[in-house]
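Okay, so here's the structure we're looking at.
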Amino acid sequence: MSCHHLMRRAFYSKHTFSQVKQLSRCWSSAAISPKVTPGFVAEVKNIVGGSNVSTADAVRDQHGHDESYHGVEPPDVVAFAESVDHVSQVAKLCNDNGVPLIPFGSGTGLEGGINASRGGLCLDVTKMNNILAVNAEDFDCQVECGVTRVTLNNYLRDTGLWFPIDPGADASLCGMCATSASGTNAVRYGTMRENTLNLEVVLADGRVINTAGEGRRTKKTSAGYNLTNLFVGSEGTLGIITKASLRLSGIPEATISATCHFPDVQSAVDTTVQVLQCGIPMARIEFLDEVSIDACNKYSHLDLTVAPSLFLEFHGFEAGLQEQTKTVEELVKMNNGSEFRWATDVDERNHLWKARHDILYACMALRPGSKPYSTDVCVPISNLPEVIVRTKEMIKEAGIIGPIVGHVGDGNFHIFYPVHPDDHETLKKIKDVSYEMALIAMELNGTCTGEHGIGIGKRDLLVKEIGEEGLNVMKQIKACLDPNGIMNPGKVFF
Ligand SMILES: Cc1cc2c(cc1C)N(C[C@H](O)[C@H](O)[C@H](O)COP(=O)(O)OP(=O)(O)OC[C@H]1O[C@@H](n3cnc4c(N)ncnc43)[C@H](O)[C@@H]1O)c1[nH]c(=O)[nH]c(=O)c1N2
Ligand SMILES: CCCCC(=O)C(=O)O
Ligand SMILES: [Mn+2]
């Protein structure tokens, strides 16, 4: 562990989050990575242009944290790339000088992925925001790394196509590749893994590759190793993704949303399993426990019954949807669930899903002034009730507030703990319960992260999940692609 790293660790353990935020600004004048010299900054300016480089405190702070509870760790310098050539030259420069290089998509990650724990250069790719191609008849498109999912969907509106992966946040599409994001539509449309056809990646030494071969954009391939999915979920530790070829889907002719509630978690999950067993192609099945519903009611002005609930969405043809909704209603009834509350017109539907996506902010409003501590485990769906029930017991015993929200059709759920950054006692309890919950999920054949990634918060869990040998193979792959260890160091593993 470097001297600088030890210093940081000691520093963070002694200071509150807000103190760290304040004090990290004081450090701003001194470079954290000693290799970021004025000469190095001048060379970066030569590559991307002076106006695309900043060492200003505000810019560095803004790039030193994401939407998670982790404190600010600003990079020494921020560079804005405008082309693959910029990215390639900056990577080579960082590699030659041993300077940490942290790709920045849109900063909406939830595991501290962009924190510059070891200083270095943050490469912001938001200016690379061209939609390069839409092949409507092939259901695919190619975008530059800075294009966000909402921008893409607005652009696609008249084509009858859309990109369905929806993590709620308006993240950059290549940032979504980097974290293997998914969200509410994954039960029907899959995650970034199933929807990425090819990636252009700049490696640490500046080489540019196309993971499936230049120009390839097929739905299937058996050609060699799956490099595309090596980079999906690599969290900026293997290279910078500069372009993505993505699958698109047809906008459904009809969409219906509904909510219903249940006497307990088990009946909500049983219903979900039975719905999936019947082969009903649900677009969304979201579980919200009674604490989340209460938070949603207060924050988003809904008047839902405060009980474990499902938010459902059906996509398809009008006639088919009638059959599907009828079957699901029957299954809900069989499991002692309530009548459906329908949201058929577009405003009602949008309001419902906005409330679901605003859950983070709704949960924080339960404790004004708090920050979110979010968790993310995924288990085989039959084990979902057990992990939720055991976690709820731990939450009750610890005396903390822990609203549960789940992409239940995928066996994936989150708890958003609202916590005051200065409340160390509660934070410790939350960390302990979260850690224990991840262990329970793994004991039940699950993973410590379904969609948010490892970042800095789950590095010790990764080795428990993958095993020493598995982790060693990951490290060997990293060493092969990034021998100087410049790519987002300190993320995914120590
Ligand atoms: C309110 C809210 C709600 C949700 C979520 C966030 C928020 C704020 N998320 C998290 C979401 O998945 C995450 O925000 C994006 O996947 C990350 O995209 P950014 O562009 O913001 O990456 P960001 O800039 O935060 O970076 C994330 C990581 O990817 C790396 N990276 C970014 N761009 C890169 C590039 N071009 N090349 C290489 N590495 C790159 C970074 O270095 C970092 O390690 C989520 N997620 C989810 O899966 N399901 C969900 O339901 C939700 N819900
Ligand atoms: C902490 C924000 C939450 C993210 C999320 O994954 C969801 O709402 O499903
Ligand atoms: Mn989620």
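Every residue, every condition in (1) surrounded by 15 or more Cβ atoms within 10 Å (Cβ to Cβ); (2) among the charged types (D, E, K, R); (3) touching a Cys at 6+ places or on another chain (Cβ under 8 Å), yes or no:
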{"residue": "284", "(1), (2), (3)": "yes, yes, no"}
{"residue": "289", "(1), (2), (3)": "yes, yes, no"}
{"residue": "294", "(1), (2), (3)": "yes, yes, no"}
{"residue": "297", "(1), (2), (3)": "yes, no, no"}
{"residue": "309", "(1), (2), (3)": "yes, no, yes"}
{"residue": "316", "(1), (2), (3)": "yes, no, no"}
{"residue": "339", "(1), (2), (3)": "no, yes, yes"}
Scan of segment 474-493 for residues that are buried (at least 20 other Cβ atoms within 10 Å of the Cβ) and either of a type in the set (Gly, Ala, Ser) or more than 13 Å from residue 234 (Cα to Cα) (or both), ordered by number | 486, 490
Tell me, which residue of segment 178-196 that is under 17 Å from residue 219 (Cα atoms) and open to solvent by less than 30 Å² (accessible area, probe 1.4 Å) is farthest from ligand 2 (Cβ to nearest atom)?
-> 196
Criterion violated by residue 96 - all others in (1) surrounded by fewer than 24 Cβ atoms within 10 Å (Cβ to Cβ); (2) farther than 24 Å from residue 206 by Cα satisfied = (2)
Enumerate the helices (runs of 4 or more DSSP H) found wholly within segment 147-258, keeping only those where 2 or more residues are farther than 25 Å from residue 99 by Cα.
-> 149-156, 186-189, 192-195, 227-231
Only residues that are open to solvent by 30 Å² or more (accessible area, probe 1.4 Å) and part of a helix (DSSP H, G or I): list them for segment 453-473, please.
-> 459, 460, 463, 464, 465, 466, 468, 469, 472, 473
Scope segment 364-386; condition more than 21 Å from residue 459 (Cα to Cα) and either in contact with a Leu (Cβ under 7 Å, 6 or more places away or on another chain) or within 16 Å of ligand 2 (Cβ to nearest atom) (or both); matching residues = 364, 365, 366, 367, 370, 371, 383, 384, 386
Got a number for residues in segment 130-156 being in contact with an Asp or Glu (Cβ under 6 Å, 6 or more places away or on another chain) and surrounded by 15 or more Cβ atoms within 10 Å (Cβ to Cβ)?
-> 1
Do we have residue 103 as touching a Lys or Arg at 6+ places or on another chain (Cβ under 8 Å) and more than 16 Å from ligand 2 (Cβ to nearest atom) here?
-> no
Per-region count, segment 98-124, residues over 27 Å from residue 375 (Cα atoms) and β-branched (Val, Ile, Thr) = 1
Flag for residue 323 being part of a strand (DSSP E or B), of a type outside the set (A, V, I, L, M, F, W, C) and either at pLDDT 95 or above or open to solvent by 10 Å² or more (accessible area, probe 1.4 Å) (or both) = no
Considering segment 95-114 alone, what residues qualify as being more than 16 Å from residue 33 (Cα to Cα) and either near ligand 1 (Cβ under 6 Å from one of its atoms) or not small (Gly, Ala, Ser) (or both)?
-> 103, 104, 105, 106, 107, 108, 109, 110, 111, 113
Considering only residues of segment 344-400 that are more than 16 Å from ligand 1 (Cβ to nearest atom) and of a type in the set (Lys, Arg), which is surrounded by the fewest Cβ atoms within 10 Å (Cβ to Cβ)?
-> 396
Within segment 157-170, can you find the residues that are within 16 Å of ligand 2 (Cβ to nearest atom) and either open to solvent by 10 Å² or more (accessible area, probe 1.4 Å) or without any contact (Cβ under 8 Å) to a residue 60 or more places away in the chain (or both)?
-> 165, 166, 167, 168, 169, 170
Here the qualifying pairs (Cβ atoms under 6 Å; residues six or more apart or on different chains; first in segment 307-320 and under 24 Å from residue 290 (Cβ atoms); second assigned to a loop (DSSP other than H, G, I, E, B) and among the aromatic types (Phe, Trp, Tyr)) come out as 308/262
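For every residue, the table says whether it meets (1) open to solvent by 80 Å² or more (accessible area, probe 1.4 Å); (2) closer than 29 Å to residue 315 by Cα; (3) more than 16 Å from ligand 2 (Cβ to nearest atom).
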{"position": "213", "(1), (2), (3)": "no, no, yes"}
{"position": "221", "(1), (2), (3)": "yes, yes, yes"}
{"position": "226", "(1), (2), (3)": "yes, no, yes"}
{"position": "229", "(1), (2), (3)": "no, yes, yes"}
{"position": "232", "(1), (2), (3)": "no, yes, yes"}
{"position": "242", "(1), (2), (3)": "no, no, yes"}
{"position": "245", "(1), (2), (3)": "no, yes, yes"}
Is it the case that residue 58 is modelled with pLDDT under 95 and assigned to a helix (DSSP H, G or I)?
-> no
Could you check, for segment 250-259, whether at least one of its residues is β-branched (Val, Ile, Thr) and open to solvent by 60 Å² or more (accessible area, probe 1.4 Å)?
-> yes
Take the residues in segment 401-452 that are of a type in the set (Asp, Glu) and either within 16 Å of ligand 1 (Cβ to nearest atom) or in contact (Cβ under 8 Å) with a residue 60 or more places away in the chain (or both), then tell me which one is least open to solvent (accessible area, probe 1.4 Å).
-> 451
Just give me the residues in segment 327-354 being in contact with a helix residue (DSSP H, G or I) (Cβ under 7 Å, 6 or more places away or on another chain) and at pLDDT 95 or above, in sequence order.
-> 328, 331, 332, 335, 336, 337, 340
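The values are calculated or read from the model by the stated rules, or taken from the named source; none is laboratory data. Model, not experiment: these values are computed from the prediction. Because the Cβ atoms are built from the backbone with ideal geometry, glycine has one as well, and the counts that use them run over all protein chains shown. The accessibility values were calculated without ligands, DNA or RNA, using every heavy atom of the protein model including side chains. Shrake-Rupley method; radii C 1.70, N 1.55, O 1.52, S 1.80 Å.
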